[in-house]
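This report refers to the structure that appears directly beneath it.
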Amino acid sequence: MFAIIITDYHSMDQTFDYLKRVMDYVIGDFKVIIVDNGMTNSGRQFLISDGCVFKEFQISNERILTFDFKSHTVVMVEADNNGGYAGGNNLGVSICNKLYNVDYFIFSNNDIRFIEKIRLDKFMDFFKKNPDIGILGPKIISPEGNDQNPRREMSFFTQMIVWDFNILLFRGRLNKYVWNLDQTAKSSKINGWVSGSFMVVRRDIFDQVKGFDETIFLYAEEMILSTKFRQIGFNTYYNDQVKLVHYHRGSLPSRKQRLWNHESKRYYYQRYKGVGNFRLRISDLIFNIVDWLYRRRHGGK
């Protein structure tokens, strides 16, 4: 059995639209867990305004709502705080494990569009035939048709220094030389990671590595998870035969998001790659210089 876990932050209308698509396109035995990270009970208010009947109870001091949606019982967790992508998904997993005995988790954003039917039995057969695979990612494209999967492992210098020049000062014009997207990838094991906007993960291995690393709030979660899996002998697989569309925002992030991104990658290289403090401080200095130049060009943004 599968569990589809969706974290929501002030976009419950999009989440319910996505639920409709899931029910129409995903074929197989699955449960749905929504984590309301908004801390405003927006999910509850959405259900009330929609006239939906729900039940309310608690599990381990977490407020849980359940309601029927197109012949499925959906579980919604009202989070007490916004734990970001990692914390929200880990909370969803924790509640799921208390309610259901599932074999695989599907971590999904609510801005995914399906091109064709998704057969869960094919995912299950693949994992059974390939016991060394712990994470599976499909081909994900933008609405314009640009690939978003899979991602390659990059050196510390490229990822932490050259990357910022490319994105912030050259607006991605150096992507041919500095880009972690593997645009030539075919279905195979990869030495990088797949997008967390939609990925299938073995529950037993996810539990074994204690899930996502909640030290970070946003960014690098999939990179860290794939590394944790590889450290105990389980690979990440990219499947270009399954295709999805992800409506990912393409604009340059705010300064807060840029800082989160830098700090998350910094933590990854320090904690999981053993990069020393000297090189980390150099990357901090370069980031601050590049970010300052970027803000000078764009009115402090």
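The values are calculated or read from the model by the stated rules, or taken from the named source; none is laboratory data. Note that the structure is a prediction, hence the values are computed from the model and not measured. No Cβ is skipped: glycine too gets one built from the backbone with ideal geometry, and neighbour counts run over all protein chains shown. Accessible surface is based on the protein model in full, side chains and every heavy atom, while ligands, DNA and RNA are left aside. Shrake-Rupley method; radii C 1.70, N 1.55, O 1.52, S 1.80 Å.
Points to keep in mind about this one:
- Ignoring lysines fewer than eight residues from Lys301 along the same chain, the ones with Cα atoms less than 19 angstrom from its Cα are Lys256.
- Each Cα pair under 8 Å and six or more residues apart adds its separation to the average, and for the chain the resulting relative contact order is 20 percent.
- Estimated dipole of segment 197-282 in Debye, rounded to 20 [Cβ of Lys and Arg +1, of Asp and Glu -1, Cα centre]: 440 debye
- Translational diffusion coefficient (Stokes-Einstein; Kirkwood radius from C-alpha pairs) of segment 201-240 at 37 °C, 0.692 mPa s, in µm²/s: 306 µm²/s
- Cβ-based net charge around Asp24, under 14 Å, with every Lys or Arg adding one and every Asp or Glu removing one: +4
- With the charge dipole of segment 1-64 set up from +1 on Lys and Arg Cβ and -1 on Asp and Glu Cβ about the Cα centre, the Cα lying farthest toward the positive end among the listed residues Cys52, Thr15, Ser42 is that of Cys52.
- Cα-based reach from Lys189 at 18 Å (exclusive), listing aspartates and glutamates while leaving out same-chain residues under 8 positions away: Asp125, Asp132, Asp147, Glu153, Glu222, Asp240
- Among (1) 28; (2) 22; (3) 47, the entry that matches percent of Cα pairs over 34 Å apart as calculated here: (2)
- Kirkwood hydrodynamic radius (C-alpha pairs) into Stokes-Einstein, segment 1-149, 25 °C and 0.890 mPa s, D in µm²/s: 152 µm²/s
- When only the Cβ of Lys, Arg, Asp and Glu is charged (+1, +1, -1, -1), the dipole of the chain relative to its Cα centre reaches about 1220 debye.
- If you take all other residues with their beta carbon under 14 Å from the beta carbon of Asp204, and give Lys and Arg +1 and Asp and Glu -1, the sum is +2.
- Taking the convex hull of Cα positions in segment 95-164, its mean projected area over all directions (nm²): 8.0 nm²
- Taking the average, over residues, of other Cβ atoms within 10 Å as the packing measure, peptides 53-60, 7-14 rank 7-14, 53-60 from highest down.
- Ranked by how many other beta carbons lie within 10 Å on average, peptides 199-211, 86-98, 181-193 from highest: 86-98, 199-211, 181-193
- Surface share of carbon and sulfur [accessible, 1.4 angstrom probe, percent] for segment 1-90: 46 percent
- For the set Lys55/Lys98; Lys186/Lys228; Lys243/Lys265; Lys70/Lys228; Lys129/Lys210, the pairs lying more than 26 angstrom apart at their alpha carbons are Lys243/Lys265; Lys70/Lys228.
- Each Lys or Arg adds one and each Asp or Glu takes one away; over the other residues whose Cβ falls under 12 Å from the Cβ of Ser188, this sums to 0.
- Segment 177-301, accessible area per residue, ligands and nucleic acids excluded (1.4 Å, Å²): 53 Å²
- Solvent-accessible area per residue, Å², over segment 42-98 with all protein chains present [probe radius 1.4 Å]: 47 Å²
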